[in-house]
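The values are calculated or read from the model by the stated rules, or taken from the named source; none is laboratory data. On a predicted model such as this, the values are computed, not experimentally measured, just so you know. Every residue, glycine among them, receives a Cβ derived from its backbone with ideal geometry; neighbour counts consider all protein chains shown. These accessible areas exclude ligands, DNA and RNA; they are computed on the full protein's heavy atoms, side chains included. Shrake-Rupley method; radii C 1.70, N 1.55, O 1.52, S 1.80 Å.
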Amino acid sequence: GESVGLHLPTLSVQEGDNSIINCAYSNSASDYFIWYKQESGKGPQFIIDIRSNMDKRQGQRVTVLLNKTVKHLSLQIAATQPGDSAVYFCAETASGYGQNFVFGPGTRLSVLP
Amino acid sequence: DAGVTQSPTHLIKTRGQQVTLRCSPKSGHDTVSWYQQALGQGPQFIFQYYEEEERQRGNFPDRFSGHQFPNYSSELNVNALLLGDSALYLCASSLGAGAGYEQYFGPGTRLTVT
């Protein structure tokens, strides 16, 4: 399949451990954020989103934290599994810009057995 | 229910040529967006089509153009290809044009310009 990123920052975690992936966003006017997962040979897949009026949102095994003061977003994955191995992107957009999302550079998550 | 499909999967073109990439949205979706993803980078928004019109555009030159058909499928055209246009081109569809509508991405078309 397609190689998504050859020289991305890599986070290696042991299977069963928790993972934390960080993202610094650029636009202080951004008010909607999404985390995507991209596996080799596939397009990005929606994981979880958060709006700027929240600072935390939880999904199944995932939590997104938003710190607007320092323009920082994080994705926490609980009990990381081999199927979580992928490249993870944060994406931001501002009101009025619709689906004109700005994606971050991505982080490769590698889950060790 | 088929997801987003794109064709072709891979394409090799020569500098200066023109290329057309195709996208069929997920069933029931009426909005299509196109992204360019260079190797090792995140996707970059090219433009969005809704009701057969270009609604939003990213920072891409006029060499990049598109079209949406009445059945909601879409084409991306790139003229006067440059080596720097080599990338994975992703199509995403959604139920509506607003940011809150979840986008479903296709597997992409890998374009290589030589």
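Quick one: 3J(HN,Hα) in Hz for the range B:5-12, Karplus 6.51/-1.76/1.60 with θ = phi - 60°, rounded, Gly and Pro as x.
Each residue's phi maps through the Karplus curve to give 10, 9, 9, x, 6, 10, 8, 10 Hz.
List the residues whose amide H sits under 5 Å from the amide H of B:PHE47, counting only those 5 or more places along or on another chain, with H placed 1.01 Å from N in the peptide plane.
Residues meeting the amide H criterion: B:TRP34, B:GLY58.
Report the extension gain between A:ASN53 and A:GLU15 in nm, rounded to one decimal, defined as 0.36 nm multiplied by the number of residues separating them, less their alpha carbon distance. If you can, show how the numbers build up before the last one.
Details: separation 38, 0.36 × 38 = 13.68 nm, distance 3.33 nm.
Taking A:ASN53 through A:GLU15 to full extension adds about 10.4 nm, to one decimal.
Could you go through the range B:62-75 in sequence order and give the Karplus-derived ³J(HN,Hα) for each residue, using 6.51 cos²θ - 1.76 cosθ + 1.60 with θ = phi - 60°, rounded to whole Hz, and x for Gly and Pro?
Values, residue by residue: 5, 4, 9, 9, x, 7, 10, 9, x, 8, 6, 5, 9, 10 Hz.
Taking 20 Å² as the minimum loss, tell me which residues in the range B:67-114 lose that much accessible area going from the chain by itself to the full protein complex (1.4 Å probe).
Residues losing area: B:LEU88, B:ALA99, B:GLY100, B:GLU102, B:GLN103, B:PHE105, B:PRO107, B:ARG110.
Take B:HIS67, project a point 7 Å from its Cα along the Cβ direction, then tell me which residues of the range B:8-44 have their backbone nitrogen under 14 Å from it.
It comes to B:19-23, nothing else.
With a 1.4 Å probe, what is the total accessible area buried between chains B and A, in Å² rounded to the nearest 100?
Working: alone 6070 and 6530 Å², together 10690 Å².
So the buried area, both faces added, is about 1900 Å².
³J(HN,Hα) across the range B:79-92 via Karplus (A = 6.51, B = -1.76, C = 1.60, θ = phi - 60°), whole Hz, x for Gly/Pro?
For the range B:79-92, the Karplus curve yields 9, 6, 4, 10, 4, x, 7, 4, 5, 8, 9, 10, 10, 10 Hz.
Would you work out what percent of the accessible area of the protein assembly as shown, with all protein chains in place, is carbon or sulfur (probe 1.4 Å)?
On the way: 5090 of 10690 Å².
The C+S portion of the solvent-accessible surface of the protein assembly as shown is 48 percent.
Along the Cα→Cβ direction, 7 angstrom out, place labels at B:GLU102 and B:ALA2. What is the inter-label distance in nm?
For the pair B:GLU102/B:ALA2, the computed spacing is 2.1 nm.
Three principal axis extents, largest first, for the C-alpha atoms of the range A:1-80, in Å?
37, 26, 19
Would you mind getting me the FRET efficiency between A:ASN27 and A:ARG61? Use the beta-carbon distance for r and R0 = 22 Å, nearest 0.05.
Between A:ASN27 and A:ARG61 the formula returns 0.15.
Counting only other chains, and only Cβ atoms inside 10 Å, what mean value do you get across the residues of B:42-51? Don't jump to the answer; show the numbers that get you there.
Numbers: counts 16, 10, 3, 9, 1, 2, 3, 0, 2, 0.
Neighbouring Cβ atoms belonging to other protein chains average 5 per residue here.
For the range B:57-100, what is the accessible area per residue in Å² when the probe is 1.4 Å? Numbers along the way, then the final one.
Numbers: 1800 Å² over 44 residues.
On a per-residue basis, 41 Å².
In the Gaussian network model of chain B, springs joining C-alpha atoms below 10 Å, which of B:GLY40, B:GLY16, B:GLY84 carries the largest mean-square fluctuation?
Maximum fluctuation in the GNM of chain B, among the listed residues, is at B:GLY40.
When you look at the Cβ of every residue in A:98-111, what mean number of other chain Cβ atoms sits within 10 Å? Could you put the intermediate results ahead of the total?
Details: counts 13, 19, 11, 10, 5, 7, 2, 3, 5, 0, 0, 0, 0, 0.
Partner Cβ neighbours, averaged per residue: 5.
Once you compute Rg and the Kirkwood Rh from C-alpha atoms, what is the Rg to Rh ratio for the protein assembly as shown?
Values: Rg = 17.4 Å, Rh = 18.0 Å.
Using only Cα positions, Rg/Rh for the protein assembly as shown is 0.97.
For q values of 0.20 Å⁻¹, compute log₁₀ I(q)/I(0) with the Debye formula on a Cα-only model of the range A:42-113, without solvent.
Each listed q corresponds, in turn, to -0.98.
Principal axis extents for chain B, Cα atoms only, whole Å, descending order, please.
37, 27, 26
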